[in-house]
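Peer 1: Sharing a structure here in C-alpha cells format.
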Amino acid sequence: MKKIGQVVHIDKEEALVKVPRASSCGDNCSSCSSGCSDSGHIIRIKNDDYHTGEFVELNARAKNILLYSVLAYGLPLIIMIVTIAYSMNTLQLGEAVAGLMGLVSLIASYFIMKAIDKYLLKDTLIIEDIRKL
C-alpha cells in the first residue's frame with residue numbers, strides 16, 4: 001500500500017509526515033455531504049535529510065495492515081460475543097444484563113488492545129520503505 005505524505009516538521013532525529021486520511025469521498029471532501037474535515041495522520045519517521053514541505057512516498061506492508069485491522073475490529077467483537085454468550089448460557093443471566101456485560105467487555109477490550117499494541121506489536125514495522133518524490 002502506497003501513500004504520499006508531506007514533511008511538516010523536522011526534529012533532530014525525527015521527521016513528522018502528514019499523510020491524508022482515506023475517506024469515502026476520496027480526495028474531494030467538498031463534494032461529500034457528510035461534513036467531515038480531513039486533517040490527516042501525523043507519522044514519525046527517522047530523519048534521513050528530509051526538509052519541511054518535501055513530499056515522500058510511504059510503502060506499507062499489506063500483511064501488517066491486515067493484522068492491525070483484524071485486531072482492531074475483530075478482537076473486540078469476539079470478546080463481546082463470547083462475554084454475552086457466557087453470561088446468558090453459563091451464568092444464566094437475563095438478556096439485558098448479558099447485553100450490559102457485553103458493553104462492559106467492549107470497554108475492557110480497549111485496554112486489552114492498548115496492552116497488545118504496547119507490548120506485542122511495538123516491534124512490527126508497518127512502513128517498510130520511504131522515498132523522496
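The values are calculated or read from the model by the stated rules, or taken from the named source; none is laboratory data. These figures come from a predicted structure and were not determined experimentally. A quick note on method: Cβ atoms are made from the backbone with ideal geometry, for glycine too, and the neighbour counts reach across all protein chains shown.
Peer 1: Filter segment 67-116 for residues that are touching a residue at least 24 places away in the same chain (Cβ under 8 Å) and within 26 Å of Met1 (Cα to Cα); which is surrounded by the fewest Cβ atoms within 10 Å (Cβ to Cβ)? Talk me through it step by step, then tell me what you get.
Peer 2: Step one: of segment 67-116, the residues touching a residue at least 24 places away in the same chain (Cβ under 8 Å) are 67-68, 71-72, 75-76, 79-80, 105-106, 108-110, 112-113, 116.
Narrowing further to those that are within 26 Å of Met1 (Cα to Cα): 67-68, 71-72, 75-76, 113, 116.
Values: Leu67: 14, Tyr68: 14, Leu71: 16, Ala72: 12, Leu75: 14, Pro76: 18, Met113: 16, Ile116: 15.
Of everything passing the filter in segment 67-116, Ala72 is surrounded by the fewest Cβ atoms within 10 Å (Cβ to Cβ).
Peer 1: Surrounded by 12 or more Cβ atoms within 10 Å (Cβ to Cβ) and at pLDDT 90 or above, is that true of Ile43?
Peer 2: On the way: surrounded by 12 or more Cβ atoms within 10 Å (Cβ to Cβ): yes; at pLDDT 90 or above: no.
Criteria not met by Ile43.
Peer 1: Within segment 94-114, identify whether any single residue is touching a Leu at 6+ places or on another chain (Cβ under 8 Å), within 30 Å of Glu14 (Cβ to Cβ) and either modelled with pLDDT of 85 or more or not β-branched (Val, Ile, Thr) (or both), and answer yes or no.
Peer 2: Scanning segment 94-114 turns up at least one residue that is touching a Leu at 6+ places or on another chain (Cβ under 8 Å), within 30 Å of Glu14 (Cβ to Cβ) and either modelled with pLDDT of 85 or more or not β-branched (Val, Ile, Thr) (or both).
Peer 1: Yes or no: segment 22-34 includes at least one residue that is modelled with pLDDT of 80 or more and either among the hydrophobic types (A, V, I, L, M, F, W, C) or within 16 Å of Ile126 (Cα to Cα) (or both). Break it down stepwise before answering.
Peer 2: Step one: filter segment 22-34 for residues modelled with pLDDT of 80 or more, giving none.
No, because not a single residue in segment 22-34 is modelled with pLDDT of 80 or more and either among the hydrophobic types (A, V, I, L, M, F, W, C) or within 16 Å of Ile126 (Cα to Cα) (or both).
Peer 1: Pairs needed: first member in segment 4-19, in contact (Cβ under 8 Å) with a residue 12 or more places away in the chain; second member anywhere, outside any loop (DSSP other than H, G, I, E, B) and among the small types (Gly, Ala, Ser); C-beta distance under 6 Å; at least 6 residues apart or different chains.
Peer 2: Hits for this filter: Val7/Ala15; Val17/Gly5; Lys18/Gly5; Val19/Gly5.
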